[in-house]
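Asks: Right, I'll just put the structure down here and ask away after.
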Amino acid sequence: MLEKPIQSVEDYKQSLRNRKLKVYFFGELVKNIVDHPVIAPSINAVSKTYELAFEDEELATAYSSISDKKINRFLHVAEKPEDLVFQNKMQRRLGQLTGTCFQRCVGMDAINSLHSITYEIDEKYGTNYHKNFLSFLKMAQELNIVIGGAMTDPKGDRSKKPFEQEDPDLHVHVVDRDEKGVFISGAKAHQTGCLNSHWLLVMPNGSLTEQDKDFAFSGAVPVDDPNITYIYGRQSNDLRHLDGSEIDTGNFSYSGQEALIVFDRVFVPCERVFLDGQYEFAGTLVERFTNYHRRSYVCKSGLGDVLIGATATAADYNGVPNASHIKDKLVEMTHLNETIYGTGISSSNQAYRLKSGAWMCDDVLANVCKQHVTRFPYEMGRLAQDIAGGLMVTLPSEKDFNHDVAGPLLEKYFKGRKGVPVKHRARIFRLIENMTLGRNAVAYLTESMHGAGSPQAQRIVLFRKMDIAYKKLLSQNLAGIPIDRKELVKFPEYYKRVFNKSMRDEK
Ligand code: SF4
Ligand code: FE
């Protein structure tokens, strides 16, 4: 483990070297992840979270009462609603600067959820989980390391609970224990940003029953534990990073990262355990994590800013920046993008305090934000492709642009507006390709669909929280239908929070 805090991007990259990770990619064991051309862009994206903290302290750092110092915001427990709001601002900014998933919000949202859950389990059972968690977090804050959150089990047959699966390893579970700790086996699937983290916070994946007790586990595991195997996910067009053509990648510097993580009897000492058997808390932990994470998806509004800019640039290079239908489509993209941001940041603004002192964002608005995210980037991608035109998918390679014979032909026939170098046109088309059907479409589109829960998961929450009975009363009252008027002033839970004027003073 690190001996001194990470104080620069170089320190961060250095901290990832010389670890004995077992990583498979393309049927081979990868010896050096940091310099691997396909993996390096995902490490650059996380590096940007360090860079931003050094450059813009207000946006990307916060004072932590846990370690009594200024820390990276990704390691911070929200101690007031403004902390949640600033998380969203930082996420939008990092989306703008990387055009992809910068991978650290999963860990941040896991930290925030575990803070309150461990407190509440201890309150009920007299356990030591909150103390364990705080001492782990203090170490992470002091060393300025990266924490990944690991939640998504492969799940096997979706109609069955974990204990009913033919193969119990389809959900991470405790397989053995001794007086010093527990041993866990199983896997976490499509895990964002694991190789470039230092520790993983393992969490259960849904509500559990008493028979699922062994699956009710949460704890911290070092990424370089010898009993972990990683199988790196490939992304569309990822091999363009191997052929040395910067233009063809669309975004040479940044990408996301996903892997399957396999745990084979990984030992977790008692002091790194945050939940062990208290199955009734698993559902609440997942619910809190997804609430935080669904409004974290304002990250996509930062990517949207890039896509809107790329689309406007493409129109400009094509010579039609002032066509009225193009302006209108850019307005439509902006409207969609700001709706994502607006609902996410409102969720943070409507925060309420939990028993542990951590603040929780509004669940209805968080789910509305994420539901928008499952749709709007697709529509924005459609509009971007509409404006860019077919060249973004028929453009020859950079090597042809550099070829003695083909190059001059491409220069002649792919000219757009006077004064715009043809290669600049190619670069902007490739960026739109990258975000809408290339490597970073993983982050902008499909991750928007399924990350933090697929669309139906948000609709289930909205169905539970939409208070139809109360809304019916409101309408019946105005329509002159006799109702029990006392019911009208009994606000359901959600409206109590919406109309609570003093919640920010609650301490
Ligand atoms: Fe953060 Fe967005 Fe990536 Fe999730 S998808 S880790 S919220 S950047
Ligand atoms: Fe995600």
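No value in this document is a laboratory result; all are computed from the given coordinates. Keep in mind that this is a model prediction, so the values were computed, not measured. Glycine also receives a Cβ, built like all others from the backbone with ideal geometry; neighbour counts cover every protein chain displayed.
Asks: Once you sort the root eigenvalues of the Cα gyration tensor of the chain as a ≥ b ≥ c, which label holds: rounded (a/c under 1.5), prolate (a/b larger than b/c) or oblate (the other case)?
Replies: Numbers: a/c = 1.90, a/b = 1.24, b/c = 1.53.
Oblate, since a/c reaches 1.5 and b/c is not below a/b.
Asks: Give K31/K70; K48/K69; K124/K213; K22/K131; K69/K89 a once-over and call out the pairs whose C-alpha atoms are over 26 Å from each other.
Replies: Details: K31/K70 35 Å; K48/K69 21 Å; K124/K213 17 Å; K22/K131 32 Å; K69/K89 21 Å.
Pairs exceeding 26 Å: K31/K70; K22/K131.
Asks: Under the rule of at least 5 residues apart or a separate chain, name every residue whose amide H is placed under 5 Å from the amide H of L200.
Replies: HN-HN under 5 Å from L200: G148, V221, V223.
Asks: Hey, can you grab everything whose amide H is under 5 Å from the amide H of K69? Only 5+ residues off in sequence or another chain; H modelled, so Pro and N-termini drop out.
Replies: Hits under the 5 Å cutoff: S64.
Asks: If you don't mind, there's one more thing I want to ask. Report the full-extension gain for the segment N477 to E3: residue separation times 0.36 nm, less the Cα-Cα distance, to one decimal in nm. Provide the component values of the computation, followed by the final result.
Replies: Details: separation 474, 0.36 × 474 = 170.64 nm, distance 6.62 nm.
Gain on stretching N477 to E3: 164.0 nm.
Asks: Shifting gears a bit: Residue by residue, what Karplus-based ³J(HN,Hα) values in Hz, rounded to whole numbers, does the stretch 321-337 have, using 6.51, -1.76 and 1.60 with θ = phi - 60° and x for Gly and Pro?
Replies: 3J(HN,Hα) across the stretch 321-337, in whole Hz: x, 9, 4, 5, 5, 6, 4, 5, 5, 5, 5, 4, 4, 5, 4, 5, 5.
Asks: Using a simple charge model, +1 on the beta-carbon of Lys and Arg, -1 on the beta-carbon of Asp and Glu, nothing else, what dipole does the stretch 19-288 show about its Cα centre, in debye to the nearest 20? Write out the running numbers ahead of the final one.
Replies: On the way: 29 positive and 40 negative charges, 70 e Å.
So the dipole magnitude of the stretch 19-288 works out to roughly 340 debye.
Asks: So, in nm, how far is label K496 from label K415 when the simple model puts each one 7 Å beyond its Cα toward the Cβ?
Replies: 7.1
Asks: On full extension of the chain, what length is gained from L29 through K423, given 0.36 nm per residue of separation minus the C-alpha to C-alpha distance?
Replies: On the way: separation 394, 0.36 × 394 = 141.84 nm, distance 3.66 nm.
Working it through step by step, the gained length comes to 138.2 nm.
Asks: Just report the Cα centroid separation between the stretch 387-430 and the stretch 176-214, whole Å.
Replies: Computed from Cα coordinates, the inter-centre distance equals 49 Å.
Asks: Can you list the residues, at least 5 places off or on another chain, whose amide H is less than 5 Å from the amide H of E258, using H built in the peptide plane?
Replies: G193, G233
Asks: If packing is taken as the mean number of other Cβ atoms within 10 Å per residue, what is the order of 331-337, 363-369, 257-263, highest first? Provide the component values of the computation, followed by the final result.
Replies: On the way: 331-337: 16.9, 363-369: 25.1, 257-263: 22.7.
Put in order of decreasing packing, that is 363-369, 257-263, 331-337.
Asks: Moving on to the next point. With a ≥ b ≥ c taken as the square roots of the eigenvalues of the C-alpha gyration tensor of the stretch 120-244, please select rounded if a/c is under 1.5 and otherwise prolate if a/b is larger than b/c or oblate if it is not?
Replies: On the way: a/c = 2.25, a/b = 1.24, b/c = 1.82.
Oblate, since a/c reaches 1.5 and b/c is not below a/b.
Asks: Related question: Based on the alpha-carbon gyration tensor of the stretch 19-288 and its eigenvalue square roots a ≥ b ≥ c, which shape applies: rounded if a/c is under 1.5, prolate if not and a/b is larger than b/c, or oblate? Don't skip to the answer; put the middle values down first.
Replies: On the way: a/c = 1.92, a/b = 1.21, b/c = 1.58.
Oblate shape, in that a/c is at least 1.5 and b/c is the bigger or equal ratio.
Asks: Let me ask something else. Taking the alpha-carbon centroid of each part, what is the distance from the stretch 221-285 to the stretch 36-64 in angstrom?
Replies: So the two Cα centres are separated by 18 Å.
Asks: Once Lys and Arg get +1 and Asp and Glu get -1 on their Cβ, which of M90, S113, S135 lies farthest toward the positive end of the dipole of the stretch 78-141?
Replies: Farthest along the dipole direction, towards plus: M90.
Asks: Provide the per-residue ³J(HN,Hα) series for the stretch 213-223, in order, calculated from phi with Karplus coefficients 6.51, -1.76, 1.60 and θ = phi - 60°, each as a whole number of Hz, with x at glycine and proline positions.
Replies: 3, 5, 8, 7, 9, 9, x, 9, 10, x, 4
Asks: Work out how much length D328 to E210 would gain on full extension: take 0.36 nm times their residue separation and subtract the Cα-Cα distance, in nm to one decimal. Walk me through the numbers on the way to the answer.
Replies: On the way: separation 118, 0.36 × 118 = 42.48 nm, distance 5.57 nm.
Difference between extended and current length: 36.9 nm.
Asks: If you plug each phi of the stretch 447-459 into the Karplus form 6.51 cos²θ - 1.76 cosθ + 1.60 with θ = phi - 60°, what whole-Hz ³J(HN,Hα) values come out, in order, with x for Gly and Pro?
Replies: These are the phi-based 3J(HN,Hα) values: 5, 5, 6, 10, x, 6, x, 5, x, 5, 4, 6, 5 Hz.
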